[in-house]
Structures are given as structure tokens and as C-alpha cells.
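Trainee: This is the structure I have questions about; it appears just below.
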Amino acid sequence: MNVVLLGAPGAGKGTQAAVLTKELGVVHVASGDLFRKALSENTELGLLAKSYMEKGDLVPDEVTIEMVLERIRKPDCDSGVLFDGFPRTLSQAKALDEKLASESRQIDKAVYIEVPEEALIKRLSGRWICRECQTPYHAESSPPKVTGRCDVCGGELYQRADDTEETVRERLKVFFSQTLPIVEYYETQGKLLRVDGNQDINEVSAAITRLLRTESA
Ligand code: ADP
Ligand code: AMP
């Protein structure tokens, strides 16, 4: 099964991906994580991405599409992928569809996690992420058991440089102008599932799992 997780920055895509990858037996492919990895390794791709990421803008389609398609070529993706943060533009969505179709695969469902804008800003300003395994935490809604340490792997927690209020506002603008049209794209294809993301983490997970089960039955 190939599933796209859609939602504004802070909607809970990474948080839900941790639950869903286990549930569905698929691999989590997060374009933002791939860019941050490239950046931490000081690659040419990482340095190029940095200039866009720090402003809250999208990295150009060509580069992003190539990076993600290369990732899903790896054999671990054969059993299915949970896409997080990709696609973010119509061109990316179409390129992904074309690539999958050329291998007789497809996107089965797109889950849109909806959260009001003010809640998104609160979530991102309190977000902490594990440097090692990328698990997200929140100072209030999902704090780690030990301050500054990841519950899953013990890795160090950090706050993203682009989670400042100014950059978050730009990222939200970009989401509503460039990414929201994708919701309609998947809706037209009959693949869209809408989930209320403004509830407890467990409730959101239960709603997504329930919908995926019913819709795929
Ligand atoms: P995204 O991957 O969509 O940008 P994250 O999964 O990183 O979002 O979540 C953003 C922040 O909000 C994190 O700090 C996370 O712990 C917190 N969070 C995620 N889901 C919820 C929820 N349902 N309720 C409250 N906080 C949440
Ligand atoms: P994220 O981790 O998904 O919040 O992404 C962090 C940043 O990486 C974004 O603000 C963009 O600059 C860049 N990025 C991640 N995914 C994409 C994408 N699909 N298209 C373009 N830029 C992306």
C-alpha cells in the first residue's frame, strides 16, 4: 500500500507516521528528513536545500522529485511507502503518479490531517525532534520521559531552526498557496480521506487507521 500524508506543517504527519508505518508495514519517506540528512552530511543537495528551508520556501521541484524518486527506488520501499511532506506541489504529485504507474504501482490513499492555523503555530513553537530517529515531541502535548532525550532511541532532542514564528508563518502561507491544490487533486481521483487532526494524538491515529481499513476493505 502506498499512502500520502497531507497536512500543513505541524499537522502531525511525522507523529502519525510513527504509528502508521508499523500498522501498515510500510516505509516512512519524509522529504524534509531527507533534506535535513543531506544538510547534516554537507552534500551539494543539502547546501542547496538549506537556502530555501531557512526561509520557509519550497526547494525547487526538479531537485525534490529526483531525491524522492531515488529514495523509493530502494528495495525496502517495494512493500509500500508512507509519503510525508511529499508531494507538496501539483508537479510533484503528477511526477510521483507517473513514476509509480511506470512500475504498475499507484498511490492508494491520501490522508489529509486538518488542523486550525493557530494550533499549528503553537505545536511548532513547542516541537522537539530526535536528532537520531526524527521522532517528534512537544513540550506540552507529548513530552519525552527524560527531558532532552528521545524515548525511542535515547538520542538528543533539538528544535528546528525553521520552527521560529516568522518562518512558520511563511511555511503556512506556502502550504495554503502551493500544497492545498493537491488535496483537490487526490479528491478528484477518489483517494482522499479527511481526518480531524485537532484531537489527541491517539484519537487521530485511531481515526486514520479506521478510515484506511474501511476504505481499503
Ligand atoms: P508535521 O510532521 O506534520 O510537521 P509533527 O508530527 O512534527 O508535524 O507534529 C508537530 C508538533 O505537534 C510536534 O511537537 C508534535 O509532538 C505535536 N503534535 C502532533 N500531533 C499532535 C496532536 N494530535 N495534538 C497535539 N500535539 C500534536
Ligand atoms: P518538513 O520537514 O516537511 O516541514 O520540510 C522542511 C522544509 O524542507 C520545507 O519547508 C521545504 O523547504 C523543504 N521541503 C520538504 N519537502 C519538500 C517538498 N516536497 N518540496 C519542496 N520543498 C520541500
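The values are calculated or read from the model by the stated rules, or taken from the named source; none is laboratory data. Small disclaimer: the values here were computed from a predicted structure and weren't measured. Virtual Cβ from ideal backbone geometry, glycine too; neighbours counted across all protein chains shown. With ligands, DNA and RNA removed, areas are computed over all heavy atoms of the protein, side chains included. Shrake-Rupley method; radii C 1.70, N 1.55, O 1.52, S 1.80 Å.
Trainee: Would you calculate a helix-derived [θ] at 222 nm for the chain, using -39,500 (n - 2.57) for each DSSP H run of n ≥ 4 and dividing by the full residue count, to the nearest 500?
Mentor: It lands at -14000 deg cm²/dmol.
Trainee: From Cα pairs below 8 angstrom and at least 6 apart in sequence, can you work out the relative contact order of the chain, rounded to a whole percent?
Mentor: Values: 317 pairs, mean separation 64.4, N = 217.
Relative CO of the chain lands at 30 percent.
Trainee: Here's another thing I want to ask about it. Spin-label point model (7 Å from Cα, Cβ direction): what's the Asp108 to Cys77 distance in nm?
Mentor: So the label points at Asp108 and Cys77 sit 1.7 nm apart.
Trainee: Under the rule of at least 5 residues apart or a separate chain, name every residue whose amide H is placed under 5 Å from the amide H of Leu6.
Mentor: For Leu6, the qualifying residues are Val111, Tyr112, Ile113.
Trainee: Taking the solvent-accessible surface of protein heavy atoms with a 1.4 Å probe, what is the per residue accessible area of the range 88-139 in Å²?
Mentor: Heavy-atom accessible area per residue stands at 49 Å².
Trainee: List the residues, sorted by chain then number, that are 5 or more residues from Val81 or on another chain and whose placed amide H is less than 5 Å from its amide H.
Mentor: Distant-sequence amide H within range of Val81: Asn2, Val3, Val27.
Trainee: Now for a different question. Under a Cβ-only charge scheme (Lys and Arg +1, Asp and Glu -1), can you give me the dipole magnitude of the range 1-58 about the Cα centre, in debye to the nearest 20?
Mentor: Details: 6 positive and 6 negative charges, 23 e Å.
Dipole of the range 1-58, to the nearest 20 debye: 100 debye.
Trainee: Right, next: Choose one of Phe175, Leu69, Cys133: the residue whose Cα lies farthest towards the positive end of the charge dipole of the chain (beta-carbon charges +1 Lys, Arg; -1 Asp, Glu; about the Cα centre).
Mentor: Among Phe175, Leu69, Cys133, the one farthest towards the positive end of the dipole of the chain is Cys133.
Trainee: I've got another one for you. Considering only DSSP beta bridges whose two residues both sit in the range 20-146, what percent are antiparallel, to the nearest 5?
Mentor: 50
Trainee: Okay, moving on. Given a cut-off of 26 Å, name the pairs among Lys74/Lys173; Lys37/Lys191; Lys22/Lys74; Lys122/Lys145 whose C-alpha atoms lie farther apart than that in the structure shown. Let's see the in-between values first.
Mentor: Working: Lys74/Lys173 33 Å; Lys37/Lys191 31 Å; Lys22/Lys74 19 Å; Lys122/Lys145 21 Å.
Table pairs above 26 Å Cα-Cα are Lys74/Lys173; Lys37/Lys191.
Trainee: Could you let me know the centre-to-centre spacing of the range 1-70 and the range 115-138, using Cα atoms, in angstrom?
Mentor: 15
Trainee: On the accessible surface of the chain, probed at 1.4 Å, how many percent belong to carbon and sulfur atoms?
Mentor: Of the solvent-accessible surface of the chain, carbon and sulfur hold 50 percent.
Trainee: Just to be sure I understand: of the beta bridges DSSP finds with both ends in the chain, what percent are antiparallel, rounded to 5? Could you put the intermediate results ahead of the total?
Mentor: Working: 7 of 23 bridges.
If we restrict to bridges inside the chain, about 30 percent are antiparallel.
Trainee: Here's another thing I want to ask about it. Let a ≥ b ≥ c be the square roots of the eigenvalues of the Cα gyration tensor of the chain; is it rounded (a/c under 1.5), or, if not, prolate (a/b larger than b/c) or oblate?
Mentor: rounded
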